[in-house]
Amino acid sequence: MGRPGMSDVVKQDLWRRWRAGESISMISRALGKPPGSVFTVLKHHGGISPTVPVVRAGHLTAIDRETISRGLEAGASLRSIAVSIGRPASTVSRESARSTTHRRECT
């Protein structure tokens with residue numbers, strides 16, 4: 001069946017302890033995992049804890065994209081869609097062009 005991995009919560013604890021300066025042995029005892037497993041996680045990331053991806057404020061959310069898609073399907077103008085999601089019309093226009101291009105490539 002293979003060896004069970006570490007949950008995200010355990011990995012967060014591992015990285016917290018590593019940043020605090022604990023050794024691999026100390027971390028493995030605290031987590032109840034073999035030192036080799038702790039080492040493997042650390043080695044995979046070069047000993048540097050991975051950063052949490054941050055979504056920029058200017059990026060469209062999935063809900064925004066869905067609203068744009070539904071508005072375009074309903075025949076609404078780009079400006080009216082933009083007003084409904086609180087974005088500039090140029091943003092809606094770019095998203096419309098992207099989705100149109102994507103649809104052509106997929107067919």
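Exactly one residue out of S25, S49, S77 is surrounded by 10 or more Cβ atoms within 10 Å (Cβ to Cβ) and in contact with a Phe, Trp or Tyr (Cβ under 6 Å, 6 or more places away or on another chain), and it is S49.
Regarding S49, is this residue over 30 Å from E95 (Cα atoms), part of a helix (DSSP H, G or I) and not assigned by TED's automatic domain parsing to the domain that holds A82? It is false that S49 is over 30 Å from E95 (Cα atoms), part of a helix (DSSP H, G or I) and not assigned by TED's automatic domain parsing to the domain that holds A82.
Here are the criteria: (1) in the same structural domain as R94 (by TED's automatic domain parsing); (2) surrounded by 13 or more Cβ atoms within 10 Å (Cβ to Cβ). Tell me which single one P35 does not satisfy. Of everything listed in (1) in the same structural domain as R94 (by TED's automatic domain parsing); (2) surrounded by 13 or more Cβ atoms within 10 Å (Cβ to Cβ), P35 misses just condition (1).
Within region 49-102, the set of residues being more than 30 Å from Q12 (Cβ to Cβ) and at pLDDT below 85 comprises S99, T100, T101, H102.
Of all residues in region 80-97, count the ones that are in contact (Cβ under 8 Å) with a residue 12 or more places away in the chain and outside any loop (DSSP other than H, G, I, E, B). So the count comes out to 8.
The values are calculated or read from the model by the stated rules, or taken from the named source; none is laboratory data. Just so it is clear, the structure is predicted and the values come from calculations on it, not from any experiment. We place every Cβ from the backbone using ideal geometry, glycine too, and count neighbours over all the protein chains shown.
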